[in-house]
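Peer 1: One structure is given below, represented as structure tokens, and several questions about it will come after.
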């Protein structure tokens, strides 16, 4: 594994290094107890078969233990030795079980920690981040890649524990016979070299699977989001074929990775048998074909046979770690904050607008993020240029213009979803950036043409932006938005669930709920972005009257010019610039852009 990947893994583990240390300590105890139990198996077996040897005839590593039993009566010698051996093995199993629980707790804490950090980042990052990321990609990172990254950490922990156990067993083998261990090591080096090639291939397959999984998640989410278009254009076979190809490619890559990883264990077992045969021949040439040498060989083979599966498991976990290393880098890069835009929060509490909202020479262009999320943002073509507007408290400003003129962007700047590149937006002379974001946005209600509703009850959606709303206030807001009629006809009325994005409701019903939600918020500033486009003319007029009764400052974006004739001022945007500003009658007399738009709509309606 590369040094960078080790550093990334350690950055995840560092907050839980105490638990990591506990797990490694238990792994060391596990290895020691396992070594003690294994080395005592040979004396117990030989004595049980009537081949009892003197302590000095056994390997020197066993002498201290076996000497203790020399003072025990002969009839109790075998039972006590067996009890100690079994006790060491049972204790080792208990420590191993405890270590499984500790490592499991550590893994669960890591998953929670990573998902908590990801959730905080998603809520804190600026809205510009989402305009350059696919939701399917984000979902894939939060679910699949995070799970794979934690799996990498689990594999790393297993590698550390196995390394400790292997070190203990290798130490025992060296104490038994350094010459046999040297011969065995030369053989095992060849095994490690072969496994290293498999591990390198696993890393490549891991990167390929991460990319294919991401493509599949993105495509699937796009399919579900646009299922209505897919069905109305009869493109089900086309979409099925596209997703099926991705599934098959992912399956093929996953099978190849599994074949490579799972081949390590049987290969290790096969080579282990050859290793034992090599060991027997070496023992013969080293003159170990004596009773004392036989005890040494038996003990050595028992420990070696316990060591070989540990070595095979170590290579398997290393292969899995390499297979998931790409996920670790993806998650770590996702959690970086230095390459993502964040809105700087102000400290000034916002109470209420007293005088005016003012746009002072405001210019803006959307930040452009590269696919690799570079640390800087390239400015694209300006969306707004030198905007100057004054909106007195309690008045209504209507903004009109062709699509792409910058109308919605102007509203986004007022909500401080973005900050201007140049110029300032002030409330009563105070820069918008100086206000506390939460307090500022809580005072602004936004109703847009693209209504978003949660897959929860009508009551939940109505009260989402307001606190401590009573039942009477809810129904009053519902009446003002002319939503009472359809709500009362639902089986559970306010407690009716409305489906994903309110799919069980019509477009007009969804828009009425969004309007009622804004009315219940009792905002200080109200932004209406084509808020009544799905309503008929009569309902639109009635809702407009409800908005007019609110004692707030209104910012209206409209294509239907008949709805804004009574606005205090109308600003006409063209290519990000204000080309006209005035009342409806003033702009009609000017015979300019607004007059032209109005005449076109009037002719169309007629």
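The values are calculated or read from the model by the stated rules, or taken from the named source; none is laboratory data. From a predicted model like this one, the values you see are computed outputs, not experimental measurements. With ideal geometry, Cβ positions are generated from the backbone for all residues, glycine too; neighbour counts draw on all protein chains shown.
Okay, residues lined up against (1) touching a strand residue (DSSP E or B) at 6+ places or on another chain (Cβ under 6 Å); (2) at pLDDT 80 or above; (3) surrounded by fewer than 17 Cβ atoms within 10 Å (Cβ to Cβ):
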position	(1), (2), (3)
163	no, yes, yes
171	no, yes, yes
179	no, no, yes
184	no, no, no
188	no, no, no
194	no, no, yes
217	no, no, no
228	no, no, yes
238	no, no, yes
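Peer 1: Across the range 468-497, what is the number of residues that are within 18 Å of residue 550 (Cβ to Cβ) and outside any loop (DSSP other than H, G, I, E, B)?
Peer 2: Qualifying residue count for the region: 9.
Peer 1: Consider residue 559 against the criteria (1) farther than 21 Å from residue 357 by Cα; (2) over 44 Å from the mean Cα position of the chain (by Cα); (3) not in a helix (DSSP H, G or I): it satisfies all of them except one. Which criterion is unmet?
Peer 2: It is condition (2) that residue 559 fails.
Peer 1: So which of 445, 405, 465 ends up being touching a strand residue (DSSP E or B) at 6+ places or on another chain (Cβ under 8 Å), outside any helix (DSSP H, G or I) and over 23 Å from residue 354 (Cα atoms)? Working first, answer last.
Peer 2: Numbers: 445 fails: over 23 Å from residue 354 (Cα atoms); 465 fails: over 23 Å from residue 354 (Cα atoms).
Residue meeting the stated conditions: 405.
Peer 1: OK, next. Within the range 139-157, can one find any residue that is surrounded by 19 or more Cβ atoms within 10 Å (Cβ to Cβ), over 29 Å from residue 316 (Cα atoms) and assigned by TED's automatic domain parsing to the domain that holds residue 96?
Peer 2: Taking every residue of the range 139-157 in turn, none turns out to be surrounded by 19 or more Cβ atoms within 10 Å (Cβ to Cβ), over 29 Å from residue 316 (Cα atoms) and assigned by TED's automatic domain parsing to the domain that holds residue 96.
Peer 1: Of the residues that sit in the range 340-395 and are surrounded by fewer than 12 Cβ atoms within 10 Å (Cβ to Cβ) and in contact with a helix residue (DSSP H, G or I) (Cβ under 9 Å, 6 or more places away or on another chain), which one is modelled with the lowest pLDDT?
Peer 2: 372
Peer 1: So, one more: Of the residues 455, 461, only one is over 30 Å from residue 594 (Cα atoms), exposed (fewer than 15 other Cβ atoms within 10 Å of the Cβ), under 29 Å from the mean Cα position of the chain (by Cα) and outside the structural domain of residue 571 (by TED's automatic domain parsing); which?
Peer 2: Just a single option satisfies the conditions, and that option is 455.
Peer 1: Can you tell which of 142, 80, 121, 114 is in a helix (DSSP H, G or I) and over 26 Å from residue 220 (Cα atoms)? It would help to see each step written out before you state the result.
Peer 2: Values: 142 fails: over 26 Å from residue 220 (Cα atoms); 121 fails: over 26 Å from residue 220 (Cα atoms); 114 fails: over 26 Å from residue 220 (Cα atoms).
Just a single option satisfies the conditions, and that option is 80.
Peer 1: Which residues, counting only those in the range 495-513, are touching a residue at least 60 places away in the same chain (Cβ under 8 Å) and closer than 12 Å to residue 460 by Cα? Lay out the reasoning, then the answer.
Peer 2: First pass over the range 495-513, keeping only residues touching a residue at least 60 places away in the same chain (Cβ under 8 Å): 511, 513.
Residue satisfying the conditions is 513 alone.
Peer 1: Answer yes or no as to whether residue 312 is in contact with a helix residue (DSSP H, G or I) (Cβ under 6 Å, 6 or more places away or on another chain) and modelled with pLDDT under 75.
Peer 2: It is true that residue 312 is in contact with a helix residue (DSSP H, G or I) (Cβ under 6 Å, 6 or more places away or on another chain) and modelled with pLDDT under 75.
Peer 1: Further, regarding this structure: Given the condition modelled with pLDDT of 70 or more, over 31 Å from the mean Cα position of the chain (by Cα) and assigned to a loop (DSSP other than H, G, I, E, B), answer yes or no: does some residue in the range 256-269 qualify?
Peer 2: Scanning the range 256-269, I find no residue that is modelled with pLDDT of 70 or more, over 31 Å from the mean Cα position of the chain (by Cα) and assigned to a loop (DSSP other than H, G, I, E, B), so the answer is no.
A quick yes/no check of all residues on (1) farther than 30 Å from residue 340 by Cα; (2) in contact (Cβ under 8 Å) with a residue 40 or more places away in the chain:
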| residue | (1), (2) |
| --- | --- |
| 103 | yes, yes |
| 107 | no, yes |
| 119 | no, no |
| 127 | no, yes |
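Peer 1: Next up: So for the range 74-86 (the condition being touching a strand residue (DSSP E or B) at 6+ places or on another chain (Cβ under 8 Å) and at pLDDT 80 or above), does at least one residue qualify?
Peer 2: Quick first cut of the range 74-86, residues touching a strand residue (DSSP E or B) at 6+ places or on another chain (Cβ under 8 Å) only: none.
No, the range 74-86 contains no residue that is touching a strand residue (DSSP E or B) at 6+ places or on another chain (Cβ under 8 Å) and at pLDDT 80 or above.
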